[in-house]
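> Questions regarding the structure given below will be posed in turn.
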């Protein structure tokens, strides 16, 4: 315990004195965490500019335009007169979408002739496009049903009977876990945790080889009495303490500041966060013991961690990716962490529902730490013999 405490103390001093350590672990994370939350501070994609191309010029098209303007996502900011004008406005970025009401739309509905309204969206901005389509389609469908309902009731049909003919199946939609499509609530936690993984691994790949560069490796061996296990455990404990400082920052300051705290999730998330931290430290240690050149080791860390957010399945389901991308995703600890995080944070489930993800993270920890100790012990023997 005396040796272990000495290594922990020594590593903490290095963390707070070496810029490559304290800048990445203590200065950049708070700035990045606050920045991610600030980016999505508006929370919702609302009042997006939309053009109306109204060739009908009827009471119905006017009412539908007012209904469109009353939705959350749509704000009518322009009036068009041709398809070319609509496409030009979307291409220039003046509007995110457009709605076209054709000639004789109201008259056609009243005389039982089908008519087609068109919703234009810019799918290059996929989320705004979906929100605009969702609200526009809802308004147009309701408007069409209202015209037909009015026609039936004027013919003497009871309203309840007319409604049963128009809508024989009532649709009830329940959106769980993020019903308001809150960007901040959805994206900020994921971006913060993936940034934290990158910081831990980038610093982790310097834990052993940086000792050689600063000519302190032999002193470290003497402090550890030649034990690779003591070195690995001591450095891990020191960096885990710093990881917990960041977790306290995230859970105690960042999440409450942006209204992201979820009662009851602190305990389960802290377990997943600890396992992710240990897995990242283990990966960093393993690379640091294998790759002696610091620049190469850092390049490996950046190459390994940079695609984590894309491959994790946070924005696109992994099952829809090619098999080789799925393999790559499963080689990163962030992937099982994210699966578990979604369960215990977003869905508020007990930790037992994330037992598989916890097991995968424990496997990362076991493999990387074992390999790190074995390879480091060989390095120590070569250094002592030399």
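Here, each number is a calculation from the coordinates, and none is a lab measurement. All figures in this text were calculated on a predicted structure; none of them were measured in a lab. Methodologically, a virtual Cβ is constructed for each residue, glycine included, from the backbone with ideal geometry; neighbour enumeration extends over all protein chains shown.
> Taking the chain as the reference, fit the longest principal axis to its C-alpha atoms, fit the long axis of helix 126-154 to the helix C-alpha atoms, and give the angle between the two in degrees, 0 to 90, nearest 10.
With both axes taken from Cα atoms, the answer is about 30 degrees.
> Sort 160, 118, 298, 193 so the one with the fewest other Cβ atoms within 10 Å of its own Cβ comes first.
Going from sparsest to densest Cβ surroundings: 160, 118, 298, 193.
> While we're here: Please report the relative contact order for the chain, taking Cα pairs under 8 Å with a sequence separation of at least 6, and give it as a percent rounded to a whole number.
19 percent
> Ignoring everything except DSSP H segments at least 4 long, calculate the 222 nm mean residue ellipticity for the chain; use -39,500 (n - 2.57) per segment, divide by total residues, nearest 500.
Roughly -20000 deg cm²/dmol at 222 nm, from the helical runs in the chain.
> Helix 228-249 versus the longest principal axis of the chain: what angle, 0 to 90°, nearest 10, using Cα atoms?
40 degrees
> Here are some values of mean projected area of the Cα convex hull in nm²: [x] 24.7; [y] 19.2; [z] 17.2. Which one was computed from this structure?
This structure yields the entry labelled [x].
> Normalised by the number of residues in the stretch 48-166, what is the relative contact order in percent for Cα pairs under 8 Å and 6+ residues apart?
Averaging sequence separation for qualifying contacts and normalising by length gives 27 percent for the stretch 48-166.
> Normalised by the number of residues in the stretch 215-287, what is the relative contact order in percent for Cα pairs under 8 Å and 6+ residues apart?
Rounded, it is 36 percent for the stretch 215-287.
> Still on this structure, I have one more. Across bins of 10 angstrom width beginning at 0, how are the C-alpha pair distances of the stretch 48-166 distributed, in whole percent?
14, 43, 29, 12, 3, 0
> In addition: Between helix 183-204 and the chain, what is the angle of the helix's C-alpha long axis to the longest principal axis, kept within 0 to 90° and rounded to the nearest 10?
Result, in degrees: 20.
> Considering only DSSP beta bridges whose two residues both sit in the chain, what percent are antiparallel, to the nearest 5?
If we restrict to bridges inside the chain, about 30 percent are antiparallel.
> What's the center-to-center distance, using Cα atoms, between the stretch 250-283 and the stretch 172-241 in Å?
After rounding, the separation between the Cα centres reads 13 Å.
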